[in-house]
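A.B. asks: Let me give you the structure first, and then I'll get to my questions.
The values are calculated or read from the model by the stated rules, or taken from the named source; none is laboratory data. Since this is a predicted model, take the numbers as computed values, not measurements. Note that each Cβ is placed from the backbone with ideal geometry, even for glycine, and that neighbours are counted across all protein chains shown.
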């Protein structure tokens, strides 16, 4: 094997070892939720398109509780909810219990805080660790 091939092989072995060491030590993939759209600080018109993302968890419709799964909620002018607290159903706590990752929100002109909160199949919050908050301004429509 030439010198370049040996170096690549050694690098692959080291990377493989590090991956196995992290797995053996119980390292879990990072978990987070985020708004794909709108971006923090955006100026938009209603209806507001919301695209929700998640990493390290699997989206599953509400109903049963399965480890590592859940679904999105958007909290309007609210911050993250305490871990384990059931998310209410009302006009400022919008549920996406069918596993939706896109939606439109009808919002009057004004300034808003939107918090995406991930929760389990019984709508129990995963807490601030799986929440993301943005600010946006809804402009009058044309």
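A quick yes/no check of all residues on (1) under 22 Å from residue 137 (Cβ atoms); (2) in contact (Cβ under 8 Å) with a residue 60 or more places away in the chain; (3) assigned by TED's automatic domain parsing to the domain that holds residue 39:
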position: 58; (1), (2), (3): no, no, yes
position: 62; (1), (2), (3): no, yes, yes
position: 69; (1), (2), (3): no, no, yes
position: 74; (1), (2), (3): yes, no, yes
position: 82; (1), (2), (3): no, no, yes
position: 90; (1), (2), (3): no, no, yes
position: 96; (1), (2), (3): no, no, yes
position: 100; (1), (2), (3): no, no, yes
position: 107; (1), (2), (3): yes, yes, yes
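A.B. asks: Next up: If we only count strands (runs of 3 or more DSSP E) wholly inside region 52-142, which ones have 3 or more residues that are at pLDDT 95 or above and surrounded by 14 or more Cβ atoms within 10 Å (Cβ to Cβ)? Steps first, please.
C.D. replies: On the way: elements: 69-76, 93-95, 102-105, 110-119, 131-139.
Result: 69-76, 93-95, 110-119, 131-139.
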